[in-house]
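The values are calculated or read from the model by the stated rules, or taken from the named source; none is laboratory data. Please read these numbers as outputs of a predicted model, since none were measured by experiment. Please note: Cβ atoms are built from the backbone with ideal geometry, for glycine as well, and neighbour counts cover all protein chains shown.
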Amino acid sequence: MLEKRRLGRQGLEVSALGLGCMGMSQSYGSFDDAESIATLHRAIELGVTFFDTAEVYGPFTNEELLGRALADRSDKVLIATKFGFDIRDGKSSGTDSRPEHIKAVADASLRRLKTDHIDLFYQHRVDPKVPIEDVAGAVADLVAAGKVRFFGLSEAGAATIRRAHAVHPVSALQSEYSLWERNLEEEILPLLSELGIGLVPFSPLGRGFLTGTAQRAEDYPEGDFRRSDPRFQGENFDANMRAAEAVRALAAERGAKPGQIALAWLLHRGEDIVPIPGTKRRSYLEENVAAAGLSLSPEDLAKLDEALGPGRTSGPRYTEKMMAMIDR
């Protein structure tokens, strides 16, 4: 069974690995609800307690899926979901973190998730139109009402994190972080350590580059997120495949899968880091969970850092439009 880790200083304790559920409902190929639900149930059997979703995934359908799958297992799971987008006609059209909107989203998410509380409620993207103090205050009201247990931020910058935390304690920051994407190391990780905030890395497998399964952008089907990802395009793709070779080489030496090496590296980065690799299939879930039992030596870690240190990946991690929503 997976060990437990603590996110923040407010008492949020979760499994050392969580499960990112977005891909069960959007962005990555086709969907199979039956296999997704079987994967959720298998995760619980393997000791995963931490499940990540958001209202915008689908939109709404991912929360509904988790509601169907986990409502009768609520004593075994902790669910994180997110607010902060203006969703109209089935599409996101910018940010909306007005306090009244946050509270309406919480009520709607509770209905879809078939639960009476949200364990971790993240602001999905910082809303430049709403002071972060107002956002934190709205979540504090939800905590006082018993609808939310803990407050989180996603892709927030240092100043925003500090200001939010001064109003209501932030338990976790969710952000992209992996061997593949090291953008947090200079400023954000030291701040999280100072304030006692946990880190929940999404895309910990580098969107397939760290598992060796990445394909060129044009090889993915229409509607797949990776078709527009700059790192999957042209010379960027070639350079990135070369950079990730170190992970595949170490995996071969250790008799492990490349993705397991990548997850083990993250787990070695600190006891307050809980990656949420996403999958919609039981086979990949089992492979990911097994990474928690893999120990890397100082020499292993040095090899990986030399090959994939900060700035070694080629191309921005999002399109220009998406990068504009990152609060850095």
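Leu65 falls short on exactly one of the conditions (1) touching a helix residue (DSSP H, G or I) at 6+ places or on another chain (Cβ under 9 Å); (2) at pLDDT below 95, and that condition is (2).
State all residues of region 41-53 that are among the hydrophobic types (A, V, I, L, M, F, W, C) and crowded, with 24+ Cβ neighbours inside 10 Å; if no residue qualifies, say none. Explain how you work it out, then say what you get.
Kept after step one, since they are among the hydrophobic types (A, V, I, L, M, F, W, C), are these residues of region 41-53: 43-44, 46, 48, 50-51.
Those that are among the hydrophobic types (A, V, I, L, M, F, W, C) and crowded, with 24+ Cβ neighbours inside 10 Å: Ala43, Val48, Phe50, Phe51.
Tallying residues that are of a type in the set (Asp, Glu) and either within 19 Å of the chain's Cα centre (by Cα) or surrounded by 15 or more Cβ atoms within 10 Å (Cβ to Cβ) (or both) within region 78-108 yields 2. Filtering region 1-40 to residues that are touching a strand residue (DSSP E or B) at 6+ places or on another chain (Cβ under 9 Å), surrounded by fewer than 23 Cβ atoms within 10 Å (Cβ to Cβ), small (Gly, Ala, Ser) and not in a loop (DSSP other than H, G, I, E, B) leaves only Gly23.
State all residues of region 238-287 that are of a type in the set (Lys, Arg) and assigned to a helix (DSSP H, G or I); if no residue qualifies, say none. Spell out how you get there, then give the answer.
Start the filter on region 238-287 by keeping residues that are of a type in the set (Lys, Arg), which leaves 242, 248, 254, 257, 269, 280-282.
Answer for region 238-287, where residues must be of a type in the set (Lys, Arg) and assigned to a helix (DSSP H, G or I): Arg242, Arg248, Arg254, Arg282.
In region 81-107, the residues that are on the phi > 0 side of the Ramachandran plot form Cβ pairs under 8 Å with partners that are of a type in the set (Lys, Arg), at six or more places apart or across chains, as follows: Gly84/Arg125. Sub-7 Å Cβ pairs linking a first residue in region 138-153 that is on the phi > 0 side of the Ramachandran plot to a second residue that is assigned to a loop (DSSP other than H, G, I, E, B) and surrounded by fewer than 19 Cβ atoms within 10 Å (Cβ to Cβ), at least 6 apart or interchain, are Gly146/His117, ordered by first then second residue.
Note on region 313-328: residues that are more than 18 Å from the chain's Cα centre (by Cα), modelled with pLDDT under 90 and part of a loop (DSSP other than H, G, I, E, B) total 2. Checking each residue in region 239-262 for being touching a helix residue (DSSP H, G or I) at 6+ places or on another chain (Cβ under 6 Å) and over 22 Å from Pro316 (Cα atoms) picks out Arg248, Leu250, Ala251, Lys257, Pro258, Gln260, Ile261. Residue count for region 144-164 under the criterion of being hydrophobic (A, V, I, L, M, F, W, C), surrounded by fewer than 19 Cβ atoms within 10 Å (Cβ to Cβ) and either part of a helix (DSSP H, G or I) or in contact with a strand residue (DSSP E or B) (Cβ under 6 Å, 6 or more places away or on another chain) (or both): the result is 3.
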